[in-house]
Amino acid sequence: MIGAFYEHNLRGRYVEVEYADGRVRPLAAERWLRPIDGDEDVLDRCGGPTLDVGSGAGRLTAALARRGVFALGIDITPLAVELTRRAGGLALLRCVFEPLPGTGLWAEALLTDGNIGIGGDPVALLLRVRQLVRPGGAVFAEVRPPGSGSTADRVRLRHGGRTGDWFPWATVCADDIGLLAVRCGFPTVELWTAAGRWFATCTGPAP
């Protein structure tokens with residue numbers, strides 16, 4: 001059901017995110033259909049095989065392919081996978097917690113556009129990504145600005161009078177990503193900014 005609402009939004013239909021505390025905001029997935037300021041800084045750091053987790057319509061996956069960097073996008077939404085392939089990227093309909101090709105061999109993994117919140121448990125997600133990247137591999141995670149706080153929420157999507165099931169979602173701010181990453185097996189963390197966006201490079205131990 002989550003994927004169905006997301007597909008509606010990708011097709012230009014209005015979809016809302018409702019929080020358990022009563023807040024409501026537009027999903028606005030269309031903003032991920034085209035390049036976003038700061039993307040180039042992320043792409044410039046990807047030099048080896050890259051796994052794009054929650055790749056959506058595949059703007060980063062396809063951009064890496066155009067640069068000659070092998071990249072694989074994974075997403076749970078069929079339309080997102082189709083759009084990635086149309087754009088020239090390689091993508092699979094897969095959840096990050098399912099078996100994936102190249103486990104333990106990826107040089108980099110991307111958790112951009114808030115995807116560090118997948119599953120509502122950043123620790124579980126980073127532990128899983130730690131399994132996916134090779135020794136010395138890195139995760140590029142987009143985080144919230146310092147001082148904004150990290151959150152754990154329950155949300156659901158709404159469209160046309162219908163509502164989906166509640167599911168967990170999380171955010172991580174720059175103040176918290178360092179300790180979180182170290183707990184998950186990434187001993188080196190570098191914070192950086194691009195076009196007003198905040199990122200953390202979380203690097204695993206060298207082989």
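The values are calculated or read from the model by the stated rules, or taken from the named source; none is laboratory data. Small disclaimer: the values here were computed from a predicted structure and weren't measured. All Cβ positions, glycine included, derive from the backbone under ideal geometry; neighbour counts span all protein chains shown. Heads up: the accessible areas ignore ligands, DNA and RNA and are worked out on the full protein's heavy atoms, side chains in. Shrake-Rupley method; radii C 1.70, N 1.55, O 1.52, S 1.80 Å.
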**Prompt:** Which sequence of L90, L51 reflects their accessible areas, 1.4 Å probe, from the largest down?
**Reply:** L90, L51
**Item:** Percent antiparallel among DSSP beta bridges (both partners in the chain, rounded to 5)
**Value:** 60
**Prompt:** Taking θ as phi - 60°, what are the ³J(HN,Hα) couplings along region 10-23 by the Karplus curve (6.51, -1.76, 1.60), each to the nearest whole Hz, with x for Gly and Pro?
**Reply:** 4, 7, x, 8, 6, 10, 10, 9, 10, 9, 4, 8, x, 5
**Complete:** log10 I(q)/I(0) for region 69-156, Debye formula on C-alpha points only (no solvent), q = 0.17, 0.18 Å⁻¹, two decimals, reads -0.81, -0.90
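Subtract the Cα-Cα distance of W166 and L105 from 0.36 nm times their separation in residues, and report this length gain in nm to one decimal.
18.6 nm
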**Fill in**
Restricting to Cα pairs under 8 Å and 6 or more apart, the percent relative contact order of region 1-114 works out to 23
**Message:** How charged is the neighbourhood of G58? Take every other residue with its Cβ under 10 Å from the Cβ of G58, and add Lys/Arg as +1 and Asp/Glu as -1.
**Reply:** 0
**Asked** For the chain, what is the calculated [θ] at 222 nm in deg cm²/dmol (nearest 500), taking -39500 (n - 2.57) for each run of four or more DSSP H residues and dividing by its residue count?
**Response** -7000 deg cm²/dmol
**Complete:** Expressed in square angstrom to the nearest 10, the accessible area of T171 with a 1.4 Å probe stands at 40
**Asked** What does the charge add up to near A181, with Lys and Arg as +1, Asp and Glu as -1, over the other residues with Cβ less than 14 Å from its Cβ?
**Response** -1
**Message:** Below 8 Å, C-alpha to C-alpha, sequence gap of six or more: please give me the relative contact order for the chain in percent.
**Reply:** 19
**Request:** Scale the Cα Rg of the chain by the rule-of-thumb value 2.2 N^0.38 Å and send over the ratio, two decimals.
**Result:** 0.97
**Item:** D41 paired with L179, simple spin-label distance in nm, labels 7 Å along Cα-to-beta-carbon
**Value:** 2.5
**Item:** FRET efficiency estimate (nearest 0.05) - Cβ-Cβ, A20 to R67, R0 41 angstrom
**Value:** 0.50
